[in-house]
Amino acid sequence: MDYIKNTHLIKSESKRLGFDYCGISKAEFLEEEAPRLENWLNNNMHGQMSYMQNHFDKRLDPRLLVPGAKSIVSLLLNYFPNETQKDEAAPKISKYAYGKDYHLVIKEKLNQLLEFIKENIGDVDGRVFVDSAPVMDKVWAKKSGLGWIGKNSNLINKNSGSFYFIAELIIDLELEEDGPIKDYCGTCTKCIDACPTGAIIAPYVVDGSKCISYFTIELKENIPNEAKGKMDNWAFGCDVCQDVCPWNSFAKPTKEKHFNPNSSLLEMTKRDWYELTEETFKRTFKDSAVKRTKYKGLLRNLDFIKPDL
Ligand code: B12
Ligand code: SF4
Ligand code: SF4
């Protein structure tokens with residue numbers, strides 16, 4: 001059967017390109033997610049992330065993004081670092097931003113995978129995505145059997161936890177589907193109990209507008225005063241609900257050399273952070289996702305979390 005052979009070909013090429021996991025699901029309307037997304041938006045849990053309000057229909061149906069789409073090829077790439085920031089009192093940066101910006105690293109691999117498919121399988125139409133369009137990355141990865149969505153709302157892989165980026169190809173080629181796996185959160189509530197701002201308002205539901213990641217990366221205005229004293233020293237992103245998750249005790253360091261931590265970032269002391277100049281910012285975060293906040297945004301965050309002297 002061609003579709004089984006093609007599935008094997010794609011999965012083995014994804015491994016060769018460095019992806020850690022690859023799974024397949026059928027391109028279809030996300031019936032179960034539609035009311036959940038609607039509820040999330042109606043309750044303003046997107047805060048000022050207005051892009052989340054756009055393309056509601058496309059977000060729920062990949063066939064509206066890629067006409068004739070038949071399959072979603074979901075891919076995971078591990079970013080768990082082998083080292084963390086040295087100074088424990090230094091403002092914290094989320095682990096996903098320690099190395100080179102993942103959008104750049106992953107896009108290149110995705111394009112190579114799509115090229116491979118076109119060269120080896122035939123005239124296949126499709127698009128590549130990594131956190132870049134109205135696509136529900138976690139839901140497709142779940143449907144593709146790569147993990148379950150935990151109570152902290154992240155996708156968790158049973159063998160190696162949640163410190164993974166998710167990407168996908170949406171293509172008009174029929175492939176062999178992988179089924180979803182079960183939820184292994186059980187009675188655990190560690191992430192809900194540990195969230196510094198109470199952003200996990202119910203199991204599986206994160207109010208984005210209360211999340212430290214939103215305050216420090218997405219929010220363009222001042223961080224609201226209600227968050228004062230609750231930021232747990234995070235200057236960019238937040239890893240608390242993943243750090244406490246028992247499944248992340250299985251995390252292994254990334255094999256992707258571009259995600260190796262930027263050593264000058266790890267070395268920065270508390271004092272270095274508070275004395276950061278624009279020039280050092282530009283040098284240190286040249287290819288990093290931290291650049292997203294721009295110098296001004298990072299200073300806003302640092303100023304907000306600065307302990308009273
Ligand atoms: C918007 C967004 C954010 C927002 C909102 C977070 C959120 N949970 O939506 C903010 C800025 C806060 C954020 C933060 C982070 N993000 Co973000 N984010 C996204 C983005 C762009 C869209 C997510 C989305 O669709 N949200 C919409 C809501 C409705 O979806 P949801 O929260 O998953 O909600 C689902 C559940 O609530 C569930 N549900 C609702 N009710 C119920 C009831 C029951 C009973 C059940 C079972 C389920 C259920 O259904 C909803 C829809 O599926 C994706 C990229 C993408 N295009 O998918 C990345 C993405 C989710 N983010 C990612 C990451 C890494 C993070 C951070 C870890 C970064 C950091 N360290 O700071 C944090 C984690 C915070 C957290 N606990 O979620 C990764 C996650 C990788 C993974 N392993 O899961 C993604 C997939 C990017 C990527 N391509 O790698 N993010
Ligand atoms: S990333 Fe931090 S603030 Fe956001 S839900 Fe997780 S623990 Fe809470
Ligand atoms: S901390 Fe516990 S409840 Fe939260 S995602 Fe991990 S296993 Fe699930």
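The values are calculated or read from the model by the stated rules, or taken from the named source; none is laboratory data. Just so you know, these numbers come straight off a predicted model, no measurement behind them. All Cβ positions, even for glycine, are placed from backbone atoms using ideal geometry, and neighbour counts span all protein chains on display. The accessibility values were calculated without ligands, DNA or RNA, using every heavy atom of the protein model including side chains. Shrake-Rupley method; radii C 1.70, N 1.55, O 1.52, S 1.80 Å.
In nm, to one decimal, how far is the modelled label at residue 270 from the one at residue 104, with both set 7 Å along Cα→Cβ?
For residue 270 paired with residue 104, the spin-label model returns 3.2 nm.
Set the bar at 25 Å for Cα to Cα. Now go through 230/286; 210/282; 158/190; 151/230; 158/270; 86/210 and name every pair that lies beyond it. Show your work: numbers first, answer last.
Numbers: 230/286 29 Å; 210/282 29 Å; 158/190 17 Å; 151/230 21 Å; 158/270 36 Å; 86/210 28 Å.
With Cα atoms farther than 25 Å apart: 230/286; 210/282; 158/270; 86/210.
Going by accessible area, probe 1.4 Å, with all protein chains left in place, what is the ranking of 259, 56, largest first? The partial results should precede the final answer.
On the way: 259 10, 56 65 Å².
I get 56, 259, largest accessible area first.
How much accessible area does residue 155 have with a 1.4 Å probe, in Å² rounded to the nearest 10?
In the full protein context, residue 155 sits at about 10 Å².
Among the listed pairs 11/118; 92/142; 15/92, give every one whose C-alpha distance is greater than 21 Å. List each step's numbers first, then the result.
Working: 11/118 15 Å; 92/142 29 Å; 15/92 32 Å.
Check vs 21 Å cut-off fails for 92/142; 15/92.
How big is the charge dipole of the chain about its Cα centre, in debye rounded to the nearest 20, if each Lys and Arg gets +1 on its Cβ and each Asp and Glu gets -1 on its Cβ? Walk me through the numbers before you get to the answer.
On the way: 43 positive and 45 negative charges, 128 e Å.
In total the dipole reaches around 620 debye.
Which of the listed residues, 68, 53, 82, is farthest toward the dipole's positive end in segment 44-91, when Lys, Arg count +1 and Asp, Glu count -1 at the beta-carbon?
68
Over the chain, average the accessible area per residue using a 1.4 Å probe and give it in Å², no decimals.
Numbers: 15380 Å² over 309 residues.
So the chain comes to 50 Å² accessible per residue, rounded to a whole number.
For labels at residue 282 and residue 295 in the simple 7 Å Cα→Cβ model, what's the distance in nm?
So the two model labels end up 0.7 nm from each other.
Counting only other residues whose beta carbon sits under 14 Å from that of residue 292, what net charge do I get with K and R as +1, D and E as -1?
Working: positive: 100, 220, 282, 286, 291, 294, 296, 300; negative: 101, 131, 218, 287.
For residues surrounding residue 292, the net value is +4.
So if R0 is 41 Å, what FRET efficiency would residue 116 and residue 49 give, r being the distance between their Cβ atoms, rounded to the nearest 0.05?
On the way: r = 34 Å, r/R0 = 0.83.
That pair, residue 116 with residue 49, gives E of 0.75.
Got a number for carbon plus sulfur as a percent of the chain's accessible area, 1.4 Å probe? Walk me through the numbers before you get to the answer.
Details: 7490 of 15380 Å².
C and S fraction of accessible area: 49 percent.
If I take every Cα pair under 8 Å that is 6 or more residues apart in the chain, average their sequence separation and divide by the length, what percent do I get for the relative contact order? Walk me through the numbers on the way to the answer.
On the way: 548 pairs, mean separation 79.5, N = 309.
So the answer I get is 26 percent.
Report, in debye and to the nearest 20, how large the dipole of segment 1-40 comes out about its Cα centre when Lys and Arg carry +1 and Asp and Glu carry -1 on their Cβ.
Details: 6 positive and 8 negative charges, 79 e Å.
The dipole magnitude comes to about 380 debye.
Residue by residue, what Karplus-based ³J(HN,Hα) values in Hz, rounded to whole numbers, does segment 277-293 have, using 6.51, -1.76 and 1.60 with θ = phi - 60° and x for Gly and Pro?
With coefficients 6.51, -1.76 and 1.60, one gets 9, 4, 5, 5, 4, 4, 6, 5, 10, 3, 10, 9, 5, 4, 4, 3, 7 Hz.
Just flag the GluC sites (Glu not before Pro) in segment 260-309 sitting in loop per DSSP whose Cβ has no more than 13 other Cβ atoms within 10 Å. Each step should come with its number before you reach the end.
Values: sites: 267, 275, 278, 279; in loops: 275.
Answer by residue number: 275.
Would you work out the relative contact order for segment 100-237, in percent, from Cα pairs under 8 angstrom that are 6 or more residues apart?
On the way: 166 pairs, mean separation 27.8, N = 138.
Reported as a whole number, the value is 20 percent.
Can you give the charge dipole size of segment 1-81 about its Cα centre, rounded to the nearest 20 debye, using +1 on the beta carbon of Lys and Arg and -1 on the beta carbon of Asp and Glu?
Working: 10 positive and 10 negative charges, 73 e Å.
My answer is approximately 360 debye.
May I ask you to derive the FRET efficiency for residue 252 and residue 225 from their Cβ-Cβ distance with R0 = 30 Å, giving the value to the nearest 0.05? Write down the numbers at each step before the final one.
Details: r = 40 Å, r/R0 = 1.34.
So, using R0 = 30 Å, E works out to roughly 0.15.
Residue by residue through segment 215-224, what is 3J(HN,Hα) from phi via Karplus (6.51 cos²θ - 1.76 cosθ + 1.60, θ = phi - 60°)? Round to whole Hz and write x for glycine and proline.
Per-residue couplings from phi come out as 4, 8, 10, 8, 5, 8, 8, 5, 6, x Hz.
If you average the C-alpha positions of segment 237-309 and of segment 123-141 separately, how far apart do those two centres end up, in angstrom?
Computed from Cα coordinates, the inter-centre distance equals 27 Å.
Near residue 191, within a Cβ-to-Cβ distance under 13 Å, what is the net charge of the other residues, with Lys and Arg +1 and Asp and Glu -1? Kindly include the intermediate steps, with their values, before the conclusion.
Numbers: positive: 151, 190; negative: 193, 239, 243.
Combined, the nearby Lys, Arg, Asp and Glu give -1.
Could you go through segment 179-196 in sequence order and give the Karplus-derived ³J(HN,Hα) for each residue, using 6.51 cos²θ - 1.76 cosθ + 1.60 with θ = phi - 60°, rounded to whole Hz, and x for Gly and Pro?
x, x, 9, 7, 8, 10, 6, x, 8, 4, 9, 3, 5, 5, 5, 8, 4, x
At 1.4 Å probe size, put 288, 50, 249 in order of accessible surface, largest to smallest. Please list the in-between numbers first.
Details: 288 10, 50 70, 249 95 Å².
From most exposed to least exposed: 249, 50, 288.
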